[in-house]
Amino acid sequence: MLDIPLWKRVLILGLVALGLLFAMPNLFYERVETHNDAVTAAERAGFETPEMAADRAVWPDWLPSNLVNLGLDLRGGAHLLGEVKVEEVYRTRMNALWPDLRDALAAERDVIGAVRRVPGPQDELHVEIGNPDQMTRAVQIARGLATPVVTLSGAGSNDLEVGASGSTLTVRLSAAEKAATDDRTLQQSLEIVRRRVDEVGTREPTIQRQGADRILIQVPGIGSAEELKALIGTTAKLTFNPVIGRGVDPDVRPGIGNVVLPSQDEPGVYYTLAETAVVTGEELVDARPSFDQNGQPSVDFRFNPAGARRFGAYTSANVGQPFAIVLDDEVISAPVIRQPITTGSGQISGAMSVDDSSRLAVLLRAGALPAEMVFLEERTIGPELGQDSIEAGQLAATVATVLVVAYMIASYGLFGTFASIAVIVNVILVLAIMSMIGATLTLPGIAGIVLTVGTAVDANVIIYERIREELRAGRRTVAAIDHGFKEAMSAIIDANVTTFIAALVMFFLGSGPVKGFAVTLTIGILTSVFSAIYLTRLMIVIWLRMRRPQELVL
């Protein structure tokens, strides 16, 4: 047990050295964070400015630059509670259904007569037919467009309900499809919000669903709730729509299936567009900040194969006609199609700065929010609160460490010193692992580290008490130490396995503060076993080789 091969000694000391190396950046937190932000900004923009290069140079690239992420309660940041307006998705579904329904009904115009869409609620599609006595056939055609609801709760149901009143055919989403749509909309909104926040390099945000139609968003380190709202609340909905007309009257009646939108670059000019888009931003696969032929900031984009085919087919069939590039219900450009565009790529340019182009590229890459999000609650948590929490946590950890070290040295002398060194290394290893995996440190997490400090010496206490028993039984020094480590091993493993299971349960079933506590506790259990069994044993073995004591007082 005390015969440690050279390779094991090198491995133990190597792991300690790696821990020191990966924990070191946290001593220079602001410098390393400045370096990391500059690297992220350069990668996002696709180029590096002199300012970015200067910020990047404050920390050497060859050194580790992973940091322990500070949670909202430590670093400050923004807190938002948003409500997703799922009703907008119903309207979009009805608008998308109208061309298919119109074509299906028009195919039997001789039977049911002329058809036209008439106004109705946004979650319903109302169609007037020319021959009301053939309404049964019209209902049959509309029901042919229905598809099964693809959820377990909606199994056996169709997504559409079709009814009739007089000469008006009514199509609406079924209750099962509305429930499925609500769930998909929330999940999609969650993913898009997460991607938007991740794109700007924010570390470890909390983004989770609350209730049927709400999303909780907490982002550490961001300047204010308004800044977070500007990033998340912008829909960045990009569409390419056929142009019906152009004028200066915003109150012109566009007609069913059309919409009037203002021009972004031409004040007082309004475009009448077909509401159904040819291609949408959902079919984008990439968007990057760039510069146009005049050296002005722009955004280059590229469609997926399906979007490229659709865009190519439309431009091929409409050479000489204008089409509109619409962003967030504003026409940013309405060029005339000079030739078919079959490459699947294009460029958005206009009155924008480099920051605007970078932000727009982020929003387009992340995708459009499927529905408007209204913020019901918003808070900006200042860094002063976080600093107070950090200082209080540092004080608690320092006091706990000093008291534990003092107790161990008073109780076990030199061996207590070995255990104290192992405790300090244990804390360093916890910080190193948290830095490497990008874990977030919260106030409960600091409590977990303090608890780790208090319990990390448990294994040493068990070992040392076993060694005392062996010495009292008359064993010699080396034999007593060897048997003490062997006999204590099973008790140490059992105690830590049970604690480890409890920590895993808290991590997977808990949330927020509970999960933050579980993270540091779980890591602390692993590192404390290593430091107590392997590192402490190595220090004792080295001491025995050097001093060769004839007897041991413990």
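Structure summary
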item	result
Residue in the stretch 487-506 that is within 27 Å of Leu70 (Cβ to Cβ), in contact with an Asp or Glu (Cβ under 8 Å, 6 or more places away or on another chain), exposed (fewer than 15 other Cβ atoms within 10 Å of the Cβ) and at pLDDT below 90 present	no
Residue in the stretch 422-433 that is modelled with pLDDT under 80 and either farther than 30 Å from Tyr29 by Cβ or not assigned by TED's automatic domain parsing to the domain that holds Val279 (or both) present	no
Residues of the stretch 77-87 classified as surrounded by fewer than 21 Cβ atoms within 10 Å (Cβ to Cβ), over 17 Å from Asp159 (Cα atoms) and out of contact with any Lys or Arg (no Cβ under 8 Å at 6 or more places or on another chain), total	1
Selected residue (only one of Ile542, Ile481 is assigned by TED's automatic domain parsing to the domain that holds Thr455, surrounded by 19 or more Cβ atoms within 10 Å (Cβ to Cβ) and under 25 Å from Gly413 (Cα atoms))	Ile481
Which numbered condition Ala96 fails, given (1) within 30 Å of Val139 (Cβ to Cβ); (2) in contact with a Gly (Cβ under 9 Å, 6 or more places away or on another chain)	(2)
From the options Ala287, Ala277, Ala230, residue that is of a type in the set (A, V, I, L, M, F, W, C), within 28 Å of Val374 (Cα to Cα), at pLDDT below 80 and not in a strand (DSSP E or B)	Ala230
Candidates Asp73, Asp55, filtered to the one that is touching a Leu at 6+ places or on another chain (Cβ under 9 Å), crowded, with 19+ Cβ neighbours inside 10 Å, more than 28 Å from Lys237 (Cα to Cα) and acidic (Asp, Glu)	Asp73
Residue within the stretch 178-191 that is at pLDDT 85 or above, surrounded by 15 or more Cβ atoms within 10 Å (Cβ to Cβ), of a type outside the set (Ser, Thr, Tyr) and over 40 Å from the mean Cα position of the chain (by Cα) present	no
Pairs, first farther than 15 Å from Leu13 by Cα in the stretch 526-549, second of a type in the set (A, V, I, L, M) and not in a helix (DSSP H, G or I), C-beta under 8 Å, six or more apart	Leu544/Leu2
Scan of the stretch 291-309 for residues that are surrounded by fewer than 19 Cβ atoms within 10 Å (Cβ to Cβ) and over 15 Å from Ile325 (Cβ atoms), ordered by number	Phe291, Gln293, Asn294, Gly295, Gln296, Asn304, Pro305, Ala306, Arg309
Subset of the stretch 451-473 [hydrophobic (A, V, I, L, M, F, W, C) and surrounded by fewer than 21 Cβ atoms within 10 Å (Cβ to Cβ)]	Leu451, Val461, Ile462, Leu471, Ala473
Residues that are among the β-branched types (Val, Ile, Thr) and more than 29 Å from the chain's Cα centre (by Cα), drawn from the stretch 291-317	Thr315
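The values are calculated or read from the model by the stated rules, or taken from the named source; none is laboratory data. Please read these numbers as outputs of a predicted model, since none were measured by experiment. Positions of Cβ are backbone-derived with ideal geometry, glycine not excepted, and every protein chain shown enters the neighbour counts.
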